[in-house]
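Worksheet: one structure, shown below.
The values are calculated or read from the model by the stated rules, or taken from the named source; none is laboratory data. Owing to the predicted nature of the structure, the values given are computational and were not obtained by experimental measurement. Don't worry about glycine lacking a Cβ; one is built from the backbone with ideal geometry, like all the others, and counts go over all protein chains shown. Protein only, heavy atoms only, side chains kept; ligands, DNA and RNA dropped before computing areas. Shrake-Rupley method; radii C 1.70, N 1.55, O 1.52, S 1.80 Å.
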Amino acid sequence: EVQLVESGGGSVQTGGSLNLSCAVSEYSGCMAWFRQAPGKEREGIAAVYVGVGDTTWADSYYTDSVKGRFVISHDNTKNTIYLHMNNLNLDDTAMYYCAAIGHVLVPCEVNPGDFRNERKYKYWGQGTQVTVSS
């Protein structure tokens, strides 16, 4: 029943920035951004947990390759999560997907790194392409 739609992808040069958006039909619990580069497996890069009615606070998680460069955020009034990407490099070229677990009682993590397990997520968007060139 949960639907997700990504937007904001495009082509940028190394060192540039992009902001991705994911509009969701029902926003609660853990949501995440994944990406898949050509010839690579899909990988989780960021996640955020927020409960119903929470408009200002959330726990957030990042994989090491984007930590300090990417920021995940949310706006419950718009049922939207965001991924602000800074200082992009060639390794960031990928299709980016939004995903949702779909239950408020399921956390993003129990042990460090749990959020990167794609099997945790029941609902997925169609993806938006990000291409970085030198």
Every listed condition ((1) farther than 18 Å from V106 by Cα; (2) among the acidic types (D, E); (3) at pLDDT below 95) holds for E26 save (1)
By residue number, the members of the stretch 29-58 that are within 23 Å of E1 (Cβ to Cβ), outside any loop (DSSP other than H, G, I, E, B) and either modelled with pLDDT of 90 or more or of a type in the set (D, E) (or both) are C30, M31, A32, W33, F34, G44, A47, V48
Of those in the stretch 76-88 that are open to solvent by 40 Å² or more (accessible area, probe 1.4 Å) and not polar (S, T, N, Q), the residue farthest from the chain's Cα centre (by Cα) is K78
Within the stretch 20-28, can one find any residue that is in contact with a strand residue (DSSP E or B) (Cβ under 6 Å, 6 or more places away or on another chain), of a type outside the set (G, A, S), in contact (Cβ under 8 Å) with a residue 40 or more places away in the chain and open to solvent by 20 Å² or more (accessible area, probe 1.4 Å)?
no
